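For reference, the structure discussed in these notes is given below.
The values are calculated or read from the model by the stated rules, or taken from the named source; none is laboratory data. Only a predicted model underlies this, so the values are computations on that prediction, with no experimental measurement involved. Glycine also receives a Cβ, built like all others from the backbone with ideal geometry; neighbour counts cover every protein chain displayed. Surface areas here come from the heavy atoms of the whole protein model, side chains and all, with no ligands, DNA or RNA. Shrake-Rupley method; radii C 1.70, N 1.55, O 1.52, S 1.80 Å.
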Amino acid sequence: MTSEPSVRVERVEDAAGFERLRGEWTALLADSPADGLFLTWEWLFTWWRHLAEGRRLVLLTVRAGDELIGVAPLASRSRGLAGVVSVRALEFLGTGSAGSDYLDLIVRDGREEAVTAALAEHLSREGMMLRLAGIKAESRGVSALAGQLTRQGWRSSASASDVCPFIRLTGHTWPSYLAGLGAHRGRDVQYTLRRLEKQFDVRFERARSEAERRHFLSVLVALHYRRWGGRGGSTAFHT
């Protein structure tokens, strides 16, 4: 009879350690219910390099023996508390600038209890505040961690903030998408296009090379600034 490998939490606090996790991170995410663009190593490592803005890296990896079974992609920064005291708080990488959505713990499917129990024990020893934003309401990982921390005497609160709308386009053509909007909204889109076509030479183009992609992206950023410049600005392309 063999015993289960011990579960331990390790901290990664520098970019070199973050970079070494790439292969394991990608494999873990593919086997996690939280799998999504904004939790990929590529997205969060790039965000860390360019948009961390004074935060300190606090990646918490959870291993069973040598197997990576969980990652809490966190960073710490000072936050005001009640307008008086400044405390260090842990938050997800990707929080704030660049509009990351569906942030979460990355946990191998079926290992939520072991991972969150280990994280709760580690975080309780550290005694830092957690502020986790941009998560799905149905996040299994964060919900399990909140339950574990509550049992250790932590207090928690939750509030709804930003809404992340999306459109399912699988299986659609442009006409079928318009039809799915309903008669009124579909007519609105077609009316707007007809008005544009009467006033301008309108055409849709596809970027087919790296040079074209760079050109169209620069146009997108310029148009974005023109739209939001007179409305107080935007953090979407702020650097």
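Of note:
- The set of residues in region 131-150 that are surrounded by 10 or more Cβ atoms within 10 Å (Cβ to Cβ) and either part of a loop (DSSP other than H, G, I, E, B) or among the charged types (D, E, K, R) (or both) comprises ARG131, LEU132, ALA133, GLY134, ILE135, LYS136, SER139, ARG140.
- Among (1) assigned to a strand (DSSP E or B); (2) open to solvent by 50 Å² or more (accessible area, probe 1.4 Å); (3) within 23 Å of VAL7 (Cβ to Cβ), the one test that ARG77 misses: (3)
- GLY110 in a loop (DSSP other than H, G, I, E, B), farther than 27 Å from SER6 by Cβ and among the small types (Gly, Ala, Ser): no
- The set of residues in region 83-130 that are within 14 Å of the chain's Cα centre (by Cα) and open to solvent by 60 Å² or more (accessible area, probe 1.4 Å) contains only TYR102.
- Being without any contact (Cβ under 8 Å) to a residue 40 or more places away in the chain, in a loop (DSSP other than H, G, I, E, B) and either within 17 Å of ARG11 (Cα to Cα) or open to solvent by 20 Å² or more (accessible area, probe 1.4 Å) (or both) is not true of GLU42.
- Residues in region 1-25 that are free of Cβ contacts under 8 Å to residues at least 40 places away in the same chain, of a type outside the set (Lys, Arg) and open to solvent by 70 Å² or more (accessible area, probe 1.4 Å): MET1, THR2, SER3, GLU19.
- Checking each residue in region 159-174 for being of a type outside the set (S, T, N, Q) and open to solvent by 90 Å² or more (accessible area, probe 1.4 Å) picks out ALA160, ASP162, VAL163, PRO165, PHE166, ILE167, ARG168, LEU169, TRP174.
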